[in-house]
Every structure is written in structure tokens, then in C-alpha cells.
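The values are calculated or read from the model by the stated rules, or taken from the named source; none is laboratory data. In this text the structure is predicted, and so the values were computed from the model without any measurement. Every residue, glycine as well, gets a Cβ built from its backbone with ideal geometry; the counts of neighbours run over all protein chains shown. SASA here: full protein model, heavy atoms, side chains in, ligands and nucleic acids out. Shrake-Rupley method; radii C 1.70, N 1.55, O 1.52, S 1.80 Å.
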Amino acid sequence: MKRLSLIAALLAIAATMSLAQAVDKLPTTKLPPVEISVFTINANFPIPPEDNRVYKLIKEKLGVTFKWDIAVAEVDQKIGVMIAGQDYPDLLDINSPKFIDAGACMPLEDLIEKYAPNLKRHYQADPITWAKMHEKDGHVYCLLNYGVIENGYTDQSYWGPAMFIQKAVMKEFGFPKITTIDEYFDIIAKYKAKHPTTADGKPTIGFSILTYDWHRFDLCNPPPFLAGYPNDGDGIVDPKTGKYRVQYYGPEAKRWYKILNAMNDKGLVDRESFVDNYDQYLAKLANGQVLGVHDQYWQFQEASKTLFAQKRVWETLMPLPIVFDKSTKPHWRDMPLPNLQRGYGISAKTSREKAIRIIQFLDAQLDPAWQKVFTWGFEGSDYIIDKDGQPVCTPEQRTRWDDVTWRSHNLAELWWYDAPKLEGRFTKNGQAHALRNNPKEYQASQYPEDVEIFKAYGVSSYAEMMDKNPPPNPAWYPAWQIVPPDGSAEKLAFTKAQDTYAKDLPKVILAKPADFEKEWANYVDDLKKCNLQLFEAYIQKGLDERMAKFGKLK
Amino acid sequence: MSSVAINRPAGFWKRLLTQRQLVLMSVPIVLYVILFTYVPLAGWTMAFQDFKPAKGFASPWVGWKWFQYLFSDDLFVTVMRNTLAMSFINLVFNFTFAIGLALLLNEVKNKWVKSLAQTISYLPHFLSWVVVAGLVSSMLASDGVFNVILKWLGIIKEPKVWLGEPKAFWWIVGFTNVWKEVGWNTIIYLAAISSIDPALYEAAQIDGCGRFSRMRHITLPGIKPTIVVLLIMNLGWIMESGFEIQYLLKNGMNQDYAQSIDIYVVTYGLRNGNYSLATAGGMFKSVVNIILLMTANWVSGKLGEEKLV
């Protein structure tokens, strides 16, 4: 016993010493200390505690402290108030054209050229990405937060859209192969009939829909996917002619809502999901009540984390590439895209001097050594390098990585999430930037339940489950990145259409099957009043420009 | 004639001099009103521009374009209807319930019971609307108290999602408002009642008046001036149906009955960055409010009642 604790103590000392060494090796900037105020829409993480080790290091080595302004809900409104008051912090978390259109951001291409070799290399590696980062006025305002991949894509987890189903449902019926929407609802209905309540007595919910605030896109996004189109959001681009149309009232949409209507009649659709807010939606998922949703994984990962922490892995959801007909080839998973107009920009109100200091910091934190601190932690204490030179975790370390409290003290998640970051591999065929995307650690970090599922379906990850080799993206893709400016007639038309579907689709879904046609006609009539052709013409113009600039359809 | 004309300003200055302390004391208030009520009116110019924050007030002038848009927009008409309807419901409920409760409280003889009832009734006033909205939405959920009671009474068979019933929304707002504000609103009536001469009650009692006749013939006429003044003041707010409660309880399904002018202004102005349209909407509301206030005041004067201005 005594010897054991001695060894433990020695190990701890060794870990601390190697930590100290690693810290010493971190690149530093010898620039005056600065406080950067940051506006972020990322409400997934709390304001970091004082003793967070990474923020301490950033302060010590890079001379930077942060002042956070986190938009918790009603993001667009908060941004609207900021723009109306022309009152901006130094760094603005861009997620729409609002800040850029309002002239709130500073052109960055010049600063990147002069002061930021890392950022320059990172964003200019792919000339098309760099060209797309330029706005209509020829300036770069936004440092993309995701989708700028170096040395090959490594991500094996699936963050994107899918028809999700509770893992327990698949297990119950011996992991059947499910491809069509009819099979999907069928198996959910069977499971629900068998298990009307969860283990702790809450009623199970067949299918839930997130309809709150801007998340409501989940209500109208499924039809194109089910018909085999990629994620163009509100519309469908004809792959042959390149012609765009809003998909809200297309034949695919009618087919989908007719199915939902029938499922509601069977009691599978959660009626409350049309009045629930985001928290209520997540709570139902985190209770393990929900058997199926259409969503994008990043929207409900917090609910899954809660279940993982309680070791209730079977009650989490897994993605399925569901389509209408067996003959349709699914296109749910797409190749990673530069996440245009999403990421940090520097406020135009910040002095040039401070902007230079900020861009130097952004550049410094993109150094591989710093990126490793953000995503791997420190060697010895958070991972070890095994005999093959691969990063792996000891079981204790792995448990810690899943511990939200540990993470809040030892990682800079709030900063890293929307900051410019390295994705892919450090070097060609080298290690992956995300600790768990390295093959050994990836295998070791999977829950046994998931491994069982992978084995049953002969895949190695959920991403593979969705699509092993997604086709390359056409140059115009995706249409959802083209957004008309605020205050324009096109935007007004679009907002109206969104309000209309939020109001009418619940009626369509909840109607008695006999009234479906009537409610549907009413919905189409209401949509026709919204002047959507204005919006369609705007998107078409944007797509045509992209096709002219970056090549044809394929 | 001429001496009067010269004397008047002199009299004014003299009076000003004698009341200089009062004048000095009112200076901060006047400045406050100018700064926060009149200076922002300059922002109304946005309603006549295609306002872009980047350009500020140098944005191009477009005349009545946004007003024309407003009145040709079906949504704005709906929003006006909702605002007036919810306002009217609130007004009627507020008056009847508050006066009713005040009359009842006045009849309670036990002082301790009376003040306890009064305190409990006005406690909800101090709750934030966010809390109230949370309470209301969980009470109205399909497994909430409201559905349980209705089911138990046999009024409904299947639980309903009440917040998804558009037509129920106005009444939800009306009754929530009553619950939250009724106690608070009685205070002023109770104060008015306490200033009625007790001799009147005694005389009435001797003349053989019962409780209800005393209420009708003494208490109510006694607080009539208060009621009229409050009514005039409230008519000036008829375009303000409240904002928080609708904002917090609205959702896709009930939006046709939930959106008030204020919500319209926030969604189109702040969220969608159409500041000009929002200003036009807000401006229209203010102008209607002023007209209503003036009319109510004038009518009240004609009827020989209290006038506010």
C-alpha cells in the first residue's frame, strides 16, 4: 500500500515536471499585455473560472486576458442592439452577415499579410477558400472558425444532420439495417408500443422536433435530405441545371409532412415540441425520453453528454442516413466546408494599434504547440505518447476528458470553439489535431456500446455510418451560405416565409389526416403571399456568381 | 393697456425669483425629461430614411415609404388587432377585478385578515415576468395543473397544449395580468376609499342601507374621480398591451395572436436590422397614444368629470 502511494506520488511529481517542461517550450510573444473584449454567441460553456490553467498560460506567455460577453439567447436581437448602438467589443463572433453589412468589422487581409504568418499560411493554403473569404467589397472580415482543413480530414465523429434514433431502439430489434423513412418510423412505433415509459417512468416520445427561435430550421430541413439532395438548407439546387428553388412547398416537402401527419395520428409526434423552448427540448433528450429526431448533432450534444456522464449510452441517439425510397442515394454527409461568415472578426471601432496586437495574438495561438494545448492538453498529465509515437490516454485521463468540471478548469473551450484553429493533421500523414481523431485513442475512447453498434454495422464510426465516401462538393455548394442583407426586401420576404412555416406547419402536422390536404393548401397559399421569388432570385444570383468564379456544377 | 403688457413679464420674473428654490429643484427633472424623452425623438427621422447603421443619419431619405409598407402589410394589421384586443382585455379586467377586490377588502372587518389578504394579493407584482411566464407555461403544459383540473371536472377528455391554441392566447395574457397585478392595483382604490367620510356610512346605515347599497351609493361614487383619472391615464396606454409576457409565451403556433406592436418592432427592427420599419411602427404607436389620451381627456371634461391635463 505504502509503496503504491509512493509510486503514485513519484508519478505525480514526474507529471508536474514534464508539465513544467512543456510549458517552458510554449512559444511566447514579447508584446505588451492587453485585455481583449470578446462577444461570443457560444453559450455552451460558462465563463472560465479564475484558476483555469490555459487562460493563465495565455496571460503569462502571450500577454492576453479576455473580457467575455456571452449572448445566451436571442442572439440576433442582441446583435441588433449592438449594431443600433454602434457599441462593439474588440472581437465579434460573426454568424451571419449582420456585423459585416453594418460596417462593424475591420478589413483583415492587410493585417494578416503584415503581421500574421500563421494565419496567412492557414487561410491561404487553399486559394478557393481564401477567395471565398472575401466579401463582395473585396475585403476579408471573418477568420473562419471551422472547415479549413490541413493535410487531410480526420474527424470521425459526426456533427451534421441526420435522422437520429435512440441506440436502445436499434439494439432492441437486433440492429436491423434501416434505410427508408417508413422503416424508421415503423421501428420507433414498435419500440414505443413495447416501452411506453422510460426506466424512471417518463413517457417515451416517438419523434420530437426542435422549433424554438432560430433553431426552427429543423422543422423544414428534412425533405431535401430524404429525397437525396445535399444540405442546401431552405432550397434545392437542381444538380443538372443549377437552378435554385425554395423547398418549403415542393413535392418532397408535401411527402414528408404527410408522413409526419400520419405519424402524429399514431401518437408518435411530440405535440409539445411546437411550444417548447430549446432547454425543454434538450431536457427531454437528456431524460432519454426521445426515440427519434431530425437534427444536427452539434445542436443536442449537450443532452448526449449528460447521458454519457450517467453511463446511459443506450439512451443517446445515433445518426441514420434515411431516405424516402430504397432507390435514392443518401447525401446527408458532406465533405467539410470552409464555414464562411462564421468566426471572429475585429471591430472597426478598435484602434489599429490594438487590432495589430490582437491579430498577433490570433496568429500566435495558431502555432501547433498552442493548438496542442487547446486540444491535447499536456503530455504526461493529459495524454502519453506510446511506443509507436501515438498519443493515447490512460483510463483515468480519458475519464477526466469527459468530465465537464475538469474541462472548464483545464481547457480553453470557450475561446477555442470559435477561434481560428488547426484542423486535420499537424503534418502530412501525421497526427490528428484532435486528440481523439488519432486512431489508437479514437478506438480506445469509444464506449463499448458504440463499439457494439459499429461491429453490427461493419463501420468504424458514425461518420462512416452516414456515408463512407461523401462525394466532393460542387463549387457553388452550399446555398445556405448565401444570405440576403438585413433590411432588404429579399430578407423581409424570407423572414415572412419562415414565420409562415413556423405557424402553419404545426397545423399541417397536427391536423386530422382527413384535413391534411386542406391545411396543406392553406400553408402553400400563405407561402405564396410572401414574395419568395425575390429570395429565390437573390440566391440564384449568388450561386451563379460562385459558379462563374469557382467552376461549373461539379 | 400698455402698463399691463409691461407689468406681466415683470410679474413673471418676480414670481420666478420668489420661487427660485422650487425652480432649482425642478431643473434636474426637466433636464431628465428633455434628455430621455425629447432628445430621442430625433431618432424618428429614421422612419423617413432607408437607415443603415454604417451610414447613420446620412442615410438616404425615402419619405413615407415605410409607413406605406406598414399599412399594406397584413402582419401589421394583425399585430394592431392583437395589441388592441389584449389591451382592451387588460383594461377591462384590471378595472373590474381591482375595484371589485378593493370593495371586498374594504368590507373585511378583521384588520389582520385584511392586511394579510392584501399583502398576499400584491406579492406577485414583484415577480419578474420571466418567472411568471415559466409558471404559466408549466401550468398550461399538457401534463400541467390546468389540464389536470379540466380533465377532473370532465370539461376536456384529452389534455390540450394550451400555448399552441392561438385563440386562447389573449385570455391567457389577460388572466395572467390579473393574477400578477390585481393586488397592486387595488392599493390606490383602497387609499381613495379610506378618504371617504365615515359619517356618510353611518348616516346611510341609520337610513337603513345594507352592505351592498352602501357599496353602490357611497363607496363607488366616492372613488369615481379616482376611477376616471385612472381610466384617462390608461386609455393613453391602450397601444401598450405589454411586451414581456407575449414575448416569453409566444411560439410558432400562436404567433398570429401573440405578436403585439412592440414585438413586431423588436423582430423587424432589432433582429432583422430593419431599423426604419421599426421606427415607423413605434412612431405610429406613439401618435395614436397621444390622440387617444387627448380625446379621453376632452370627453371627460365634457362630461363634467376630472380632467388630467
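A few comments on the model shown:
- Packing, taken as the mean count of other beta carbons within 10 Å per residue, orders the peptides A:347-354, B:273-280 from highest to lowest as B:273-280, A:347-354.
- Residue-averaged [θ]222 nm for chain A, counting only DSSP H segments that reach four residues, each worth -39500 (n - 2.57): -13000 deg cm²/dmol
- Scattering curve values for the range A:444-554, log₁₀ I(q)/I(0), Debye with Cα scatterers, q = 0.17 Å⁻¹: -0.88
- 19 Å reach of a label modelled at B:L153, 7 Å along Cα-to-Cβ, counting backbone N of the range B:169-193: B:169-180
- Percent carbon-and-sulfur accessible area, the range B:18-156, ignoring ligands, DNA and RNA, probe 1.4 Å: 74
- Chain A: antiparallel DSSP beta bridges as a percent of all, rounded to 5: 60
- Applying 1/(1 + (r/R0)^6) with R0 = 41 Å to the Cβ-Cβ distance of A:I384 and A:D200 gives a FRET efficiency near 0.55.
- Computed over protein heavy atoms with a 1.4 angstrom probe, the accessible surface ordering of B:Y189, A:Y229, largest first, is A:Y229, B:Y189.
- Extension gain, A:K177 to A:D110: 0.36 nm times the residue separation minus the Cα-Cα distance gives 18.8 nm.
- Between B:N110 and B:A168, the distance separating the two model label sites (each 7 Å from Cα on the Cα→Cβ line) works out to 3.6 nm.
- Computed 3J(HN,Hα) for the range A:125-138, one whole-Hz value per residue from the Karplus formula 6.51 cos²θ - 1.76 cosθ + 1.60 where θ = phi - 60°, is 4, 10, x, 5, 4, 4, 5, 5, 6, 7, 6, 4, 7, x, glycine and proline marked x.
- Averaged over the residues of B:273-280, the number of partner chain Cβ atoms lying within 10 Å of the residue Cβ comes to 4.
- In loop segments of the range A:172-254 as defined by DSSP, the trypsin sites (Lys or Arg not before Pro) with at most 10 further C-beta atoms inside 10 Å of their C-beta are A:K177, A:K240.
- With R₀ set to 56 Å, the beta-carbon distance separating B:W44 from A:V34 gives a calculated FRET efficiency near 0.85.
- Cα-projected label distance for A:Q124 with A:A43, points at 7 Å along beta-carbon direction, nm: 3.9
- About its Cα centre, the dipole of the range B:65-302 is roughly 260 debye, where the only charges are +1 on Lys and Arg Cβ and -1 on Asp and Glu Cβ.
- Note, ³J(HN,Hα) from phi for the range A:355-362, Karplus 6.51, -1.76, 1.60, rounded to Hz, x at Gly and Pro: 4, 4, 4, 5, 5, 5, 5, 4
- Accessible area buried, both sides summed, chains A and B with 1.4 Å probe, Å²: 2400
- Drop in accessible area of at least 30 Å² in the complex versus isolated chain, residues of the range B:231-261, 1.4 Å probe: B:Y247, B:N251, B:G252, B:M253, B:Q255, B:D256
- Percent of Cα pairs in chain A per distance bin of 10 Å, from zero to the largest separation: 3, 16, 26, 27, 19, 7, 2, 0.
- Qualifying trypsin sites (Lys or Arg not before Pro) in the range B:15-112, where qualification requires a DSSP coil assignment and no more than 16 other C-beta atoms within 10 Å, comprise B:K55, B:K109.
- Where A:S461, B:S138, A:S381, B:S195 fall by accessible area, highest first, once all protein chains stay in place (1.4 Å): B:S195, B:S138, A:S381, A:S461
- Think of the protein assembly as shown as a dipole: +1 on every Lys or Arg Cβ, -1 on every Asp or Glu Cβ, centred on the Cα centre; then among B:L277, A:A497, B:N289, B:N289 lies furthest on the positive end.
- Chain B - accessible surface per residue (Å², probe 1.4 Å): 58
- Modelled spin-label separation between A:H409 and B:I206, with each label point placed 7 Å from Cα along the Cα-to-Cβ direction: 8.2 nm.
- Relative intensity of the range B:65-302 on a log10 scale, I(q)/I(0) at q = 0.11, 0.17 Å⁻¹, equals -0.73, -1.26, per a Debye sum over C-alpha point scatterers of equal strength in the absence of solvent.
- Surface share of carbon and sulfur [accessible, 1.4 angstrom probe, percent] for chain A: 56
- Between A:Q86 and A:D265, full extension at 0.36 nm per residue minus the direct alpha carbon distance yields a gain of 59.4 nm.
- Estimated FRET transfer efficiency (A:K512, A:E50; beta-carbon r; R0 60 Å; 0.05): 0.55
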